[in-house]
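Read through the structure below, which is laid out as structure tokens, and then see the notes.
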């Protein structure tokens, strides 16, 4: 397995990126009057999930900073699900589209929660560690130390 060299190698990042793309695509069909409310909000919260994962990756030398960013990503995922509820209430998404996105964000939320629970798997090295010498294989979240 290839070592995780970037946040882009993490399965949770890839899942969040794909979910954000789908949200953007589906939101193109929202009514014009929702442009500055629902459309804007859901288009901000959905890509924020992947952005927070990227920030967490950059801060993984420090547990508190890593957990904070992953927790923020989790919050953005739940916020996106809340906005998805509004898309169903307004009949802007089909039930199938809603279910697809809601399942994706449930999965992303689960992965993020497990990352917090397993913070030591991501943040076990001191700030002076040379990460180039660590061999990593893809595991549940795309990264496992050996």
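Let's see how each residue does on (1) more than 18 Å from residue 6 (Cα to Cα); (2) in contact with a strand residue (DSSP E or B) (Cβ under 7 Å, 6 or more places away or on another chain); (3) at pLDDT below 95:
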site	(1), (2), (3)
36	yes, no, yes
45	yes, no, no
56	no, no, no
68	yes, no, no
74	yes, no, no
80	yes, no, no
96	yes, no, no
111	no, no, no
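When residues in segment 15-50 are screened for being in a helix (DSSP H, G or I) and either in contact (Cβ under 8 Å) with a residue 12 or more places away in the chain or at positive phi (or both), 23 of them pass. Filtered by the rule that a residue be in a helix (DSSP H, G or I), buried (at least 16 other Cβ atoms within 10 Å of the Cβ), in contact with a helix residue (DSSP H, G or I) (Cβ under 6 Å, 6 or more places away or on another chain) and touching a residue at least 40 places away in the same chain (Cβ under 8 Å), segment 67-102 gives 67, 70, 73, 74, 77, 80, 83, 84, 97, 101.
The values are calculated or read from the model by the stated rules, or taken from the named source; none is laboratory data. Since we're looking at a predicted model, the values are computed, not measured. Neighbour counts run over all protein chains shown; Cβ positions are idealised from the backbone, glycine included.
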